[in-house]
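The values are calculated or read from the model by the stated rules, or taken from the named source; none is laboratory data. Quick caveat, the model's predicted, so the values are computed rather than measured. Positions of Cβ are generated from backbone atoms using ideal geometry, with glycine treated the same way; all protein chains shown enter the neighbour counts.
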There are 2 protein chains.
Amino acid sequence: MKRSTMRPENVHQATLLRLLRDGGRSRAELADVVDLSRSKLNVELDGLIELGLVESAGLAASRGGRRSGKVRLSPHTRFAGIDIGATSIDVAVTNGELEVLGHVSEPCDIREGPAAVLDRAVDLLGKFRENGLFTQLHGAGIGVPGPVSFPEGVPVVPPIMPGWDRYPVREAIGQELGCPAMVDNDVNIMALGELHAGLARNVDDFLLVKIGTGVGCGIVVDGKIYRGVSGSAGDIGHIRVDDLGPVCACGNSGCLEAYFGGAALAREATNLARSGRSPYLAERLAATGELRAEDVAAAAAQGDAEAIRLIRDGGHRVGQVLASLVSFFNPGLVIIAGGVARLGHVLLAEIRSVVYRRSLPLATGNMPIVLSELGEIAGVVGAARLISDHVYSAK
Amino acid sequence: MKRSTMRPENVHQATLLRLLRDGGRSRAELADVVDLSRSKLNVELDGLIELGLVESAGLAASRGGRRSGKVRLSPHTRFAGIDIGATSIDVAVTNGELEVLGHVSEPCDIREGPAAVLDRAVDLLGKFRENGLFTQLHGAGIGVPGPVSFPEGVPVVPPIMPGWDRYPVREAIGQELGCPAMVDNDVNIMALGELHAGLARNVDDFLLVKIGTGVGCGIVVDGKIYRGVSGSAGDIGHIRVDDLGPVCACGNSGCLEAYFGGAALAREATNLARSGRSPYLAERLAATGELRAEDVAAAAAQGDAEAIRLIRDGGHRVGQVLASLVSFFNPGLVIIAGGVARLGHVLLAEIRSVVYRRSLPLATGNMPIVLSELGEIAGVVGAARLISDHVYSAK
């Protein structure tokens with residue numbers, strides 16, 4: 001496949017592309033927000049039109065004087081967003097403005113290893129191409145459920161991804177698709193999705209707490225993902241909640257993940273079913289052979305007191321950890337996302353109650369705690385945003 | 001006093017000034033690191049020379065071809081750094097490179113209120129002027145021991161600063177000294193001092209934990225102070241260590257500050273003295289009428305088992321909180337500073353032991369935890385850095 005190399009030639013062009021991605025503007029409106037004379041602006045826009053990244057789009061409404069020419073990103077621009085979870089894969093194709101043109105979600109076991117899983121992603125994209133959604137991709141962003149060395153584009157000792165350690169995901173996908181590629185962990189790309197199209201759209205500093213099989217946190221500082229010096233920032237699943245708590249898979253005791261998250265919930269629900277304390281869960285266990293977080297949600301929706309207690313206890317533990325992080329980080333917003341977040345408002349109410357009681361008043365005075373509204377597209381939109389940030393940067 | 005208004009005229013000039021501040025360079029060396037043609041670089045440098053901010057300084061050693069002209073910041077540039085603590089005031093005058101030309105430290109009670117304390121700062125600077133250290137200041141940075149609204153330059157509901165709430169510190173100092181002024185909290189300016197001249201000189205992302213009367217944390221992201229959305233980031237003194245812990249002044253129970261810090265140590269030491277468990281501390285209490293953190297340090301140095309236990313317990317609590325923050329933030333370095341940090345290596349060993357055991361291995365793999373080596377000048381150097389960042393920015 002031909003490798004796409006279209007990139008802006010300087011920082012001004014890169015800035016213009018990002019502005020156009022984040023909302024259409026006329027030349028006059030662009031001139032208002034970039035630090036360029038009108039003639040230099042036109043030189044840069046002409047350069048972008050020549051590169052095929054931007055095109056003219058008629059005249060804008062008059063702002064009093066002569067009508068200004070409208071410009072927009074090339075309608076042929078296409079990004080791929082690939083969100084690989086522990087048990088699922090989501091693939092989407094977007095235009096230059098990161099609007100989702102096609103999205104597919106399928107069950108997929110990360111333990112099948114990188115070759116099989118990445119082939120699957122490429123196949124799913126191939127179907128979008130056959131359906132005419134794109135002819136050439138301009139970039140692909142990939143999220144994986146484990147720690148990533150961002151500069152190298154490889155997973156690093158990921159606990160639930162056997163066979164993926166240091167596998168060259170970025171290089172493999174880039175070669176296969178013939179376009180630039182970037183890899184990050186799944187929580188960071190969800191945070192980027194919320195930043196681009198979700199509740200964090202106008203928030204510079206926020207936290208996204210993903211409660212799935214495990215618990216992780218995406219950290220956004222000044223509109224950019226903060227990854228820490230070795231890329232592990234936000235890895236909050238093993239923060240200590242209680243010295244006397246259950247032993248965690250990591251070897252320590254009392255970690256947040258040992259108390260809460262999909263794995264802990266499934267274990268607790270099974271205990272409740274077997275001990276007969278929850279007749280509803282006992283029935284589900286007998287019917288399906290195993291219990292998952294969804295079963296706890298269903299039980300709670302039926303008014304099962306033990307299921308509701310499980311969710312409240314979990315929310316309390318998450319709230320305790322979050323209260324410390326809110327005092328430390330003073331974010332403008334906290335978003336709760338991930339499969340277990342679908343436990344919904346019982347969970348949210350408990351988290352809120354602990355954080356608003358335990359964090360500094362100065363930090364919580366104007367800080368909403370909300371459930372994600374983007375749901376399952378957060379990851380793919382964030383992955384597209386990740387690669388577009390790269391493609392729309394100067395060479 | 002004449003107001004100084006010399007400021008660079010554009011971002012290029014601002015960048016050049018900061019480069020010169022952080023290490024002298026020839027024109028050729030500057031051209032290597034800034035994105036300007038050699039002729040444009042010379043235009044900007046000439047502009048700075050005309051403004052009196054920069055001056056020529058002979059020829060650099062040859063790098064093979066023609067010898068390049070050296071430039072340096074004007075030797076007449078002077079910044080003031082003012083570090084106001086709960087019980088002390090430090091004032092310094094620096095040159096443009098932030099080298100300390102004069103420094104004075106005096107006891108001072110913050111409870112005397114802003115008018116008296118700020119007058120004191122101005123008087124101390126007046127003595128430096130009388131001694132010929134400067135004729136005109138180009139800027140003044142001020143640190144205060146409480147939360148600050150950074151954009152407004154005023155303290156906000158500071159718990160230990162009666163009379164200071166929303167007092168216009170920045171404006172008052174700026175008018176009094178006839179130069180630009182900036183105010184931040186004492187922990188942030190210490191972190192800036194470490195960034196400029198201390199152990200964090202080449203570290204982009206780090207934490208400075210100040211253990212004084214209370215406990216606070218300075219957060220540096222990408223070489224800049226991270227303040228959070230309402231300026232309270234790093235306020236870790238009220239993070240919960242234990243639900244069943246002592247009641248804190250804030251009304252919650254089990255806060256870090258309720259366990260450790262100068263105030264908690266003084267209380268615990270007094271208990272040890274009165275109960276007779278520490279004969280050494282009992283003797284000191286009888287001699288001086290009150291005990292402070294320094295007495296615990298002295299007792300520990302004498303081998304007093306109870307004093308050593310106090311320090312270890314405190315280090316353990318600090319370590320527990322820090323372990324969570326290190327997992328979350330993945331810093332490149334943690335610096336322990338403040339009066340109580342003088343408890344020294346018993347404290348440091350305990351903090352290290354807990355953090356290295358409880359944080360993610362990926363986060364601690366290459367993360368030193370060290371005691372500050374700057375000591376009491378960290379605050380004044382950081383205050384000078386704060387205002388120089390402002391003065392050396394484009395108008």
Quiz item: Could you list, in sequence order, the residues of segment B:137-147 that are out of contact with any Leu (no Cβ under 9 Å at 6 or more places or on another chain), touching a residue at least 60 places away in the same chain (Cβ under 8 Å) and in a loop (DSSP other than H, G, I, E, B)?
Solution: B:Pro145
Quiz item: When you look at A:Ala384, is it over 30 Å from A:Arg277 (Cα atoms) and within 14 Å of chain B (Cβ to nearest Cβ), yes or no?
Solution: no
Quiz item: Scanning segment B:202-226 for residues that are in a loop (DSSP other than H, G, I, E, B) and more than 7 Å from every other protein chain (Cβ to nearest Cβ), which turns out nearest to B:Gly382 (Cα to Cα)?
Solution: B:Gly223
Exercise. Check whether at least one residue in segment B:334-342 is farther than 26 Å from B:Leu207 by Cβ and crowded, with 17+ Cβ neighbours inside 10 Å, and report yes or no.
Key: no
Quiz prompt | Flag for A:Leu98 being out of contact with any strand residue (DSSP E or B) (no Cβ under 6 Å at 6 or more places or on another chain) and not assigned by TED's automatic domain parsing to the domain that holds A:Leu20 | solution = yes
Quiz item: Name the pairs whose Cβ atoms lie under 9 Å apart, with the first residue in segment A:288-305 and assigned by TED's automatic domain parsing to the domain that holds A:Gly344, the second among the polar types (S, T, N, Q) and modelled with pLDDT under 90, and 6 or more positions between them or separate chains?
Solution: A:Ala293/A:Thr213
Self-check item: Of all residues in segment A:136-146 being surrounded by 24 or more Cβ atoms within 10 Å (Cβ to Cβ) and within 16 Å of the chain's Cα centre (by Cα), the one that is farthest from A:Ile82 (Cα to Cα)
Solution: A:Pro145
Quiz prompt | Among (1) away from every other protein chain (no Cβ under 14 Å); (2) surrounded by 16 or more Cβ atoms within 10 Å (Cβ to Cβ) - the single one A:Glu171 does not satisfy | solution = (2)
Exercise. Just give me the residues in segment A:343-367 being closer than 22 Å to A:Arg201 by Cα, in a helix (DSSP H, G or I) and within 12 Å of another protein chain (Cβ to nearest Cβ), in sequence order.
Key: A:Ala363, A:Thr364
Practice problem: Select from segment A:211-221 the residues that are at pLDDT below 95 and within 21 Å of A:Thr364 (Cβ to Cβ) and list them in ascending order. | Solution: A:Ile211, A:Val215
Quiz item: Which helices (runs of 4 or more DSSP H) sit wholly inside segment B:227-340 and have at least 3 residues that are within 14 Å of another protein chain (Cβ to nearest Cβ) and within 22 Å of A:Leu362 (Cβ to Cβ)?
Solution: B:256-259, B:305-329
Quiz item: Can you spot a residue in segment B:10-25 that is touching a residue at least 24 places away in the same chain (Cβ under 8 Å), surrounded by 17 or more Cβ atoms within 10 Å (Cβ to Cβ) and among the charged types (D, E, K, R)?
Solution: yes
Exercise. Go through B:Arg27, B:Arg7, B:Arg21 for me and flag whichever is in contact with a Gly (Cβ under 8 Å, 6 or more places away or on another chain), within 23 Å of B:Gly139 (Cα to Cα) and of a type in the set (D, E, K, R).
Key: B:Arg21
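The rows are residues; the columns are (1) of a type in the set (A, V, I, L, M); (2) touching a Leu at 6+ places or on another chain (Cβ under 9 Å); (3) free of Cβ contacts under 8 Å to residues at least 60 places away in the same chain; (4) over 16 Å from A:Tyr226 (Cβ atoms).
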| residue | (1), (2), (3), (4) |
| --- | --- |
| B:Asp184 | no, yes, no, yes |
| B:Ile189 | yes, yes, no, yes |
| B:Gly193 | no, yes, no, yes |
| B:Asp205 | no, yes, no, no |
| B:Val209 | yes, yes, no, yes |
| B:Asp222 | no, no, yes, no |
| B:Arg227 | no, no, no, no |
| B:Ser232 | no, yes, no, yes |
Quiz item: Pick from B:Gly81, B:Gly163, B:Gly96: which is assigned to a strand (DSSP E or B) and either of a type outside the set (D, E, K, R) or surrounded by fewer than 18 Cβ atoms within 10 Å (Cβ to Cβ) (or both)?
Solution: B:Gly81
